[in-house]
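The values are calculated or read from the model by the stated rules, or taken from the named source; none is laboratory data. Since this is a predicted model, take the numbers as computed values, not measurements. Counting neighbours? That spans all protein chains shown, and the Cβs are built from the backbone with ideal geometry, glycine included.
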Amino acid sequence: MLSKLLKYDLKYMIKNMSVFYILAIFFAITTRLLSLPEQSIMIDILRRISSGCVIAMIANIVINVMMRSWVRFRDSIYKDESYLTHTLPVTKNDIYNSKLLQTLIFFFIGFIVVLFALFIAYYTPDTWHAIKEYIKNITIGFNMSTAFFITMFIAIVFLEIFNAIQCGFLGIILGYKKNNGKLGFSVLFGFIAYLLSQSMVLGLVFAYGLFDSTVMELFKTATISIDVNAFKTLAVLSSILYIVLIFVMSLLSKKILNKGVNVE
């Protein structure tokens, strides 16, 4: 039954997100086409406008994945649609898992669309070479492989955003247990959950630093001239902590959700 729930969630997200995907690719193509002809003032202005639209659509893709995930979660569990959701032969765990999987899938889709749009709009051999050299200089300076640097950077950004979305889910679950001001309480509880999660990650990293002097140096110095192994350890440790935190928060959210739902 989880697969059927996920199918409906994906249909909802496709319907709401496809416009941003299409516009991102459209403006990426127009940016590329406007970069081809011999430049004039008017063409340059149009190219800059089109380029700005590409960046705006990329930002909208990231923001709307978050916003639509929260709206879908709220509407299917607490709003009018919830009357159908709660009559289905599914557990609340399945409902919650469907929302998490939907968010995960559309993060990957959005990431691919963003890369594709950037490639269409801005790729040139010179640009690609400059990017590789820039990353190479960073990785050489930190004494790490390029693959490790890119992988950890993407992983931490992804886990950070995914954690924020799940904090929103927990905030909605707690907020809609209130009799009044449910939306306001949802935002408040979600924000508190996010602050607590960030504090927990920072606190656990600090606790680890008590046993690893290279990591503790990150809390003591304002310079970057320290053991580069500390950055590697910090990147891996932060990723692991985020994964554990997301898992634990998922269990907590499902436990509270299973205690009952106040449908509006």
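Filter the stretch 38-50 for residues that are surrounded by fewer than 19 Cβ atoms within 10 Å (Cβ to Cβ) and either within 16 Å of residue 25 (Cα to Cα) or not hydroxyl-bearing (Ser, Thr, Tyr) (or both) and give the result.
As a first pass, look at the stretch 38-50 and keep what is surrounded by fewer than 19 Cβ atoms within 10 Å (Cβ to Cβ): 38-46, 48-49.
38, 39, 41, 42, 43, 44, 45, 46, 48, 49 - these are the residues of the stretch 38-50 that are surrounded by fewer than 19 Cβ atoms within 10 Å (Cβ to Cβ) and either within 16 Å of residue 25 (Cα to Cα) or not hydroxyl-bearing (Ser, Thr, Tyr) (or both).
Of the residues making up the stretch 11-33, those that are surrounded by fewer than 19 Cβ atoms within 10 Å (Cβ to Cβ), over 16 Å from residue 116 (Cβ atoms) and either in contact with a helix residue (DSSP H, G or I) (Cβ under 6 Å, 6 or more places away or on another chain) or in the same structural domain as residue 168 (by TED's automatic domain parsing) (or both) are 12, 16.
So that you can scan it fast, the table gives a plain yes or no per residue for (1) aromatic (Phe, Trp, Tyr); (2) under 16 Å from residue 73 (Cα atoms):
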residue: 10; (1), (2): no, yes
residue: 21; (1), (2): yes, no
residue: 25; (1), (2): no, no
residue: 33; (1), (2): no, no
residue: 50; (1), (2): no, no
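On the basis of being modelled with pLDDT under 85, among the small types (Gly, Ala, Ser) and either in a loop (DSSP other than H, G, I, E, B) or out of contact with any Ser or Thr (no Cβ under 6 Å at 6 or more places or on another chain) (or both), does residue 117 make the cut?
Against the criterion (modelled with pLDDT under 85, among the small types (Gly, Ala, Ser) and either in a loop (DSSP other than H, G, I, E, B) or out of contact with any Ser or Thr (no Cβ under 6 Å at 6 or more places or on another chain) (or both)), residue 117 does not qualify.
Would a scan of the stretch 178-187 turn up a residue that is assigned to a helix (DSSP H, G or I), touching a residue at least 60 places away in the same chain (Cβ under 8 Å) and under 23 Å from the mean Cα position of the chain (by Cα)? The answer is yes; a qualifying residue exists. Pick from the stretch 51-90 the residues that are small (Gly, Ala, Ser) and over 17 Å from residue 166 (Cα atoms): which of them is modelled with the lowest pLDDT? Here the residue is 82. If you go through the stretch 1-10 and keep only what is of a type outside the set (D, E, K, R) and either outside the structural domain of residue 54 (by TED's automatic domain parsing) or farther than 29 Å from residue 118 by Cα (or both), you end up with 1, 2, 3, 5, 6, 8.
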